[in-house]
Amino acid sequence: MAKEELDEKEEKEVMETAIMAGHILLENGAEIFRVEETIDRVCRHYGVKSGNAFVLSNGIFTTAGNEREGYFAKVQHIPVGGTHLNRVAAVNQLSREMEEGLYTIKELRAALESIKTMPGKRPITQIFASGVGSAAFCCLFGGDVWDMGAAFLAGLLLYAYVLFVSAPHLSKIVGNIGGGALVTFVCAFCYFGGLGNHLNFMIIGSITPLIPGVAFTNGIRDIADGDYISGSVRMLDAILVFFCIAIGVGMAFSLLSGIGGGIPL
Amino acid sequence: MIGEILAAMVGTVAFSLLFGVPRRYYPYCGLIGGAGWWVYSMAASRWEPELAALVATMVVILLSRTTAVWQRCPVTVFLISGIFPLVPGAGIYWTSYYIVTDQLNLALHTGYEAVKTAVAIVLGIVFVFEIPQKVFRAGRKQHEVTPRQL
């Protein structure tokens, strides 16, 4: 879309909208290059030729301006949030439609606003999904039907803990240690209460919802794309969570063997 | 075997729900996760588990990229949940279990295996993302999307 010169106000609007698109992507689990590219696309499409973005795993730095266009600079800090891939997919779709010329800048902004508030899954659905996922992975690693039942229960409790205790109130480290320990305790109580025959498989299945799959995969992809800073931050995040889960499970085992006088595991 | 693949599919769909994947993509996520586990268990019966993880990761990513191009949506949507069955969650568990029960040799062994599996997954991801996007778009008419958008 060839455009005549933008005035300063229009340019600012384009830049703000581009940042907003980037913000939504980054916050909800997109890779760095996708964020940078989307910002660039929005700038170019609406005629800001000097737009420039530098994206880190938790912030977006943008500037625009040269001898013909006005100056604009903005830094936005973006805390690591939950993963909502539906929003990433929606922004991607929107950017594709924008390239086909279906949106004015105002419409694009309105569309982004509605993506931003796109509802996630309800907590009860998430808790249930965590239970089902735990049971399925328990089966995958060799558990029988009773083990799956216990893993289902542990998965439910775990995600209730993640949603209502760990995510809003605890740091990542304490939250994941607590999660690992909680799973181990719940599974141990089920096991000694007679539900389930293989404590190991029960625990392996039910810690799966804690595993940082998004950070791990995105970290690798960012590093492969040459975004080393963001990639290492995300990998560090993943490794930290892996370690914390292991520590949580280990601590719970130690406590249990202290209470039970050595549990026959 | 069939039961395991089904479990992998159900598990993958459950996790794609947790990550907020749009509902219409659940079947693809499930199929990709199931296919990954199928390849993994076939390969693991012949080769080392790390090699099996590498091969299975490559299959998962090939399928994810193909589906992403076909469905025109970010590859992340399929990739993250599809790779879940392969991530060494069991390795983490056994390592900490052996550490706590003072079986250091076994702990080292399983920890090392878990790291090897993780490296295999990393390599699988890196190798397959090296394939140019246009390979995946063969058979689809040239669109105004530039290579990296998907």
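The values are calculated or read from the model by the stated rules, or taken from the named source; none is laboratory data. Keep in mind it's a predicted model, so treat the numbers as computed, not measured. Because the Cβ atoms are built from the backbone with ideal geometry, glycine has one as well, and the counts that use them run over all protein chains shown.
If you filter region A:98-111 down to residues that are more than 14 Å from chain B (Cβ to nearest Cβ) and either in a loop (DSSP other than H, G, I, E, B) or in contact with a strand residue (DSSP E or B) (Cβ under 8 Å, 6 or more places away or on another chain) (or both), you find that the one that is surrounded by the fewest Cβ atoms within 10 Å (Cβ to Cβ) is A:THR104.
Where residues in region B:15-26 are touching a residue at least 12 places away in the same chain (Cβ under 8 Å) and assigned to a helix (DSSP H, G or I), which of them is farthest from A:ALA135 (Cα to Cα)? Ranking the candidates gives B:TYR25 first. Whether a residue is hydrophobic (A, V, I, L, M, F, W, C) and in contact (Cβ under 8 Å) with a residue 60 or more places away in the chain was assessed, and B:MET58 passes this test.
Looking at A:ASN200, is it facing chain B (nearest Cβ under 9 Å) and of a type in the set (S, T, N, Q)? Considered against the rule, which asks whether it is facing chain B (nearest Cβ under 9 Å) and of a type in the set (S, T, N, Q), A:ASN200 comes out as yes. If I filter region A:240-250 down to residues being more than 10 Å from B:TYR97 (Cα to Cα) and at the interface with chain B (Cβ under 9 Å from one of its Cβ atoms), which single residue comes out as farthest from the chain's Cα centre (by Cα)? Residue satisfying both the conditions and the ranking: A:GLY248. Looking at region A:8-27, which of its residues are over 22 Å from A:MET118 (Cβ atoms) and in contact (Cβ under 8 Å) with a residue 60 or more places away in the chain? The answer is A:GLU8, A:GLU10, A:GLU11, A:LYS12, A:GLU13, A:VAL14. Among the residues examined, B:ARG65 does not qualify as more than 11 Å from the chain's Cα centre (by Cα), surrounded by fewer than 24 Cβ atoms within 10 Å (Cβ to Cβ) and modelled with pLDDT under 90. Restricting attention to region A:129-151, the residues being at the interface with another protein chain (Cβ under 8 Å from one of its Cβ atoms) and among the aromatic types (Phe, Trp, Tyr) number 2. Please determine whether any residue of region A:166-182 is of a type in the set (A, V, I, L, M), outside any helix (DSSP H, G or I) and over 22 Å from A:ALA136 (Cα atoms). Looking for residues that are of a type in the set (A, V, I, L, M), outside any helix (DSSP H, G or I) and over 22 Å from A:ALA136 (Cα atoms), one finds at least one in region A:166-182, hence yes.
Determine if region A:112-128 includes at least one residue that is of a type in the set (Asp, Glu), more than 9 Å from chain B (Cβ to nearest Cβ) and within 23 Å of B:TRP37 (Cβ to Cβ). Within region A:112-128, none of the residues are of a type in the set (Asp, Glu), more than 9 Å from chain B (Cβ to nearest Cβ) and within 23 Å of B:TRP37 (Cβ to Cβ). Among the residues of region A:214-223, is there at least one that is of a type in the set (Ser, Thr, Tyr), facing chain B (nearest Cβ under 10 Å) and part of a helix (DSSP H, G or I)? Checking region A:214-223: at least one residue is of a type in the set (Ser, Thr, Tyr), facing chain B (nearest Cβ under 10 Å) and part of a helix (DSSP H, G or I).
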